Number of protein chains: 2
Amino acid sequence: MSRGEVRKEDAATLEKNLRIISTRIRREGRKVLRDFPITPAQFDVLQTLFFQGEKRMSDISRNLGITKSTTTGLVKRLIDAGFIERRRSERDRRSFIIDISSSGKSLIKKVIDRRVEYLRSVMTEISTEQVISLEQIVSLLLEVMDSKKTAE
Amino acid sequence: MSRGEVRKEDAATLEKNLRIISTRIRREGRKVLRDFPITPAQFDVLQTLFFQGEKRMSDISRNLGITKSTTTGLVKRLIDAGFIERRRSERDRRSFIIDISSSGKSLIKKVIDRRVEYLRSVMTEISTEQVISLEQIVSLLLEVMDSKKTAE
């Protein structure tokens, strides 16, 4: 099954094409945000909480590589807009944690729905055989990435 | 050629898998940044300048959806580290623009190289036929996306 050799230029072309595709899908999804009182930087915080679960302020800063004062500003505006909540940690009652609210989750789901709808509209333009082949190879790529991760 | 109907769940699976693949590649590329005095937020500014060209401070803020004071901080640290430069605009001598430096460009290229190398290592694990098929379908997806963009 193994190919052994892959030319660098082939990998470079695929990297570039996947990067452009991913940017297109991302841009399409973020169009949803125009209808909501949220900036891209605030959305990054929301996304982190959605996919990684509740966090302390300092972990949000570290995760996104932003200063504490920037995080404080982003978090304050997200709380004001009702997308996230601040509460006492269950584990350590002296500290606070930040979590996504149900309205924050519903916003993320709207963005994902928009991405899916866009991808579906693209998929309808290619043949059934190509769609199936695309789905299979993308799953395979992910499997290989997973096995590499385990091997690390 | 056209398929006509694509089930929403198929599009949802593909969206999720492409999103995970894109996150893996991105994470791999950003490992390069560990060796450099640059945070993820600063890297976002650098990436914007690399792919979109020189910008005014206000355009950087708008583009990334961050406040002017956050942008000022990020830009200052990037100038100090030598990754970007601030100079008078050719078009309007009263205003200043921010541009990526040669050392900034070389950092972005290192990140892309790391992404390509990762993808190449993944591609060597699948068969030649699958690699070719992957390359073809990804190009096709991009063509369809391009034609949709033109049609907008």
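The values are calculated or read from the model by the stated rules, or taken from the named source; none is laboratory data. What you see is a predicted model, and the numbers here were worked out from it, not measured in a lab. Ideal geometry is used to build each Cβ from the backbone, glycine not excepted, and the neighbour counts take in all protein chains shown.
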Identity of the residue in region A:1-26, among the β-branched types (Val, Ile, Thr) and assigned to a helix (DSSP H, G or I), that ends up nearest to B:THR13 (Cα to Cα): A:ILE25
Does B:THR67 satisfy the criteria of being hydroxyl-bearing (Ser, Thr, Tyr), in contact (Cβ under 8 Å) with a residue 12 or more places away in the chain and within 21 Å of B:PRO40 (Cα to Cα)? no
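For (1) over 20 Å from the mean Cα position of the chain (by Cα); (2) touching a residue at least 60 places away in the same chain (Cβ under 8 Å), each residue gets a yes or a no:
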{"site": "A:SER103", "(1), (2)": "no, no"}
{"site": "A:LYS110", "(1), (2)": "no, yes"}
{"site": "A:SER121", "(1), (2)": "yes, no"}
{"site": "A:GLU125", "(1), (2)": "yes, no"}
{"site": "A:LEU134", "(1), (2)": "yes, no"}
{"site": "A:LEU140", "(1), (2)": "yes, no"}
{"site": "A:GLU143", "(1), (2)": "no, no"}
{"site": "A:LYS148", "(1), (2)": "yes, no"}
Unique residue being over 15 Å from the mean Cα position of the chain (by Cα), surrounded by fewer than 19 Cβ atoms within 10 Å (Cβ to Cβ) and either modelled with pLDDT of 95 or more or over 27 Å from A:SER61 (Cα atoms) (or both) when the list is B:ARG62, B:ARG93: B:ARG93
Going through region A:38-64 one residue at a time, which ones are closer than 17 Å to B:ASP44 by Cα and out of contact with any Ser or Thr (no Cβ under 9 Å at 6 or more places or on another chain)? A:PRO40, A:GLN42, A:PHE43, A:ASP44, A:GLN47, A:THR48, A:ARG62
The number of residues in region B:46-59 that are under 11 Å from the mean Cα position of the chain (by Cα), closer than 24 Å to A:LEU74 by Cβ and in contact (Cβ under 8 Å) with a residue 40 or more places away in the chain is 3
Can you pull out the helices (runs of 4 or more DSSP H) entirely within region A:60-152 that have at least 3 residues that are within 14 Å of chain B (Cβ to nearest Cβ) and farther than 19 Å from B:SER22 by Cα? A:68-80, A:128-151
Given (1) among the polar types (S, T, N, Q); (2) closer than 30 Å to A:THR124 by Cα; (3) surrounded by fewer than 17 Cβ atoms within 10 Å (Cβ to Cβ), identify the lone condition not met by B:SER22. (3)
Selected residue [in contact with a strand residue (DSSP E or B) (Cβ under 7 Å, 6 or more places away or on another chain) and not acidic (Asp, Glu)] from B:LEU140, B:LEU78: B:LEU78
Looking only at region B:36-59, and only at residues there that are more than 10 Å from every other protein chain (Cβ to nearest Cβ) and under 18 Å from A:ARG62 (Cβ atoms), the one that is surrounded by the most Cβ atoms within 10 Å (Cβ to Cβ): B:PHE36
Pull out all pairs, ordered by first then second residue, where Cβ-Cβ is under 9 Å, the residues are six or more apart or on different chains, the first lies in region B:33-44 and is on the phi > 0 side of the Ramachandran plot, and the second is in a helix (DSSP H, G or I). none
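Does A:LYS68 count as at negative phi and exposed (fewer than 15 other Cβ atoms within 10 Å of the Cβ)?
yes
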Can you find a residue that is outside any helix (DSSP H, G or I), at pLDDT 90 or above and of a type in the set (Asp, Glu) anywhere in region B:27-49? no
Would you be able to say whether some residue in region B:14-22 is farther than 26 Å from A:THR71 by Cβ and more than 7 Å from chain A (Cβ to nearest Cβ)? yes
